[in-house]
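This report concerns only the one structure given below.
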Amino acid sequence: MLPSNQPRLAAALSADYLQALTQLERVIKTDIEMMVDQNYHFKDDMLKSFQNEVTIIVNEVKNVLDCSDQHLHDKEEEEFVQYHQLALIRLAGSLANYVMSPSQQDTSVREVVKYLYLEVQDLLIFIRKRFPDRIAQNAWIPDNSRWIIAINIKPTVDELRAKLNALGVDERLATIVLAKLDELVDGSIDDFYYYEITYLLEFAYELTRFRAEQGDATMALLRLVYYLNYNTHECYEYIIKTLEQAASEADNNVDRMAILRLAQKELNQIVTKPGFARKRDRASLKTEIGRWLEEEIRFCDVATPQVAPELNGMRTDEPFQTDLTVAEIAYFLKLLIELGIIKARRRIAKILRFITKYISTDNTDSISLQSLSNKYNKPDGKTMESVKVILLRMVGRIDADVDRIYGIKK
């Protein structure tokens, strides 16, 4: 029988509105049971005909649901949708019983059971997408349906783990995003409610579509995590630690604030999926991280001493100009560090950031950190020769100064 936990609704509705759902229940609860008991065998044409009949019934259920807003008010429509949803969850559980004991069934009957199960799941997906605000989020998933879900999702989870590893995603982040899917597979998940499961299945689907360039994969995955609002405590902590680590490389509060403001700007540009959340009772991940950034920026602002007035008309943040190229600056700096003249082998990133902030060239008003870093790590022969010429000019100038001041000729 259909769920009877809403007798007022059932009594109020015309039998026509429930006819399609009743037909589907009869097929699953009566016809399939008879087929299994009698070891029934479908010929190919009969199997196709049966599947077509099921498809007609399923489409009729969709049509009735789709038109429900024409004959029901808000509260009645919500009850009507949930009535169908809970019935379909139970019917999926009934079919799962047959799937779990396939050895007693004819091959053709197994095909029918599988087809019916997929059609019921398709109906549940239709309800979730058509009525996201009306479904019963806390509906409990039957144990036998859990087993089917776990079996079906396991290959996907294994593929996702290999994919994230191949892309070079940070191991800790990969562990966090796959943790609940792993629990779903091994049966240890506690919150086996309709909403939790549908979220995880949708999350797994989005991960299968995830694409990223190697090296950028961790940041790309974080953007997806924000988009799908994977707002677990573990994910929040991971992002905070990542931001704290980036900010800790700053030499002072001004630089720290600049790093945090950049992170804030990037966060504000991230799009999130409306009405989607791993934890419905928590603020969104984007909101929580945004609050943390705002507090950190405010603290840096308060802790930063006021800068003295600008001197001689020069802005304090105005970069110094040089006729060196970016490549020459990078190689010159590399020589100073590698020869030990500047003791900063472990702080190269900070020095490069300092250069981009306070030095500009004749060809550009600002130096790209990425460009400077690339040229620092891979100097070319032409740059080496030009820096050598500059150094020889400096040596020549030193010789001239020595001669002029001390009268010593070399």
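Just so you know, all these numbers are worked out from the coordinates, no wet-lab data involved. Owing to the predicted nature of the structure, the values given are computational and were not obtained by experimental measurement. Counting neighbours? That spans all protein chains shown, and the Cβs are built from the backbone with ideal geometry, glycine included.
Need the full-extension length gain, Lys29 to Gln321, defined as separation in residues times 0.36 nm minus the C-alpha distance. One decimal, nm. Please list the in-between numbers first.
Values: separation 292, 0.36 × 292 = 105.12 nm, distance 8.18 nm.
My answer for the length gained is 96.9 nm.
In a fully extended conformation the segment linking Thr175 and Met384 would gain 70.8 nm over its present Cα-Cα distance, using 0.36 nm per residue. Working note: Debye formula, equal point scatterers on the alpha-carbon atoms of segment 320-406, no solvent; log10 I(q)/I(0) at q = 0.24 Å⁻¹ is -1.22. If you plug the beta carbon distance of Gln245 and Asp401 into 1/(1 + (r/R0)^6) with R0 = 56 Å, you get a FRET efficiency near 0.75.
Ranked from highest to lowest mean number of other Cβ atoms within 10 Å per residue, what is the order of the peptides 119-129, 269-279, 51-61, 77-87?
On the way: 119-129: 18.1, 269-279: 13.6, 51-61: 15.6, 77-87: 21.2.
Those peptides, ordered most packed to least, come out 77-87, 119-129, 51-61, 269-279.
Counting 0.36 nm for each residue step from Lys43 to Arg280 and taking away their Cα separation leaves a gain of 80.5 nm.
Can you tell me the FRET efficiency between Asp133 and Glu183 if r is taken as the Cβ-Cβ distance and R0 is 30 Å, rounded to the nearest 0.05? Show your work: numbers first, answer last.
Values: r = 28 Å, r/R0 = 0.92.
After rounding, the FRET efficiency stands at 0.65.
Cross-link pairs exceeding 22 Å in C-alpha to C-alpha distance, out of Lys75/Lys129; Lys29/Lys62; Lys265/Lys357; Lys357/Lys388, comprise Lys357/Lys388.
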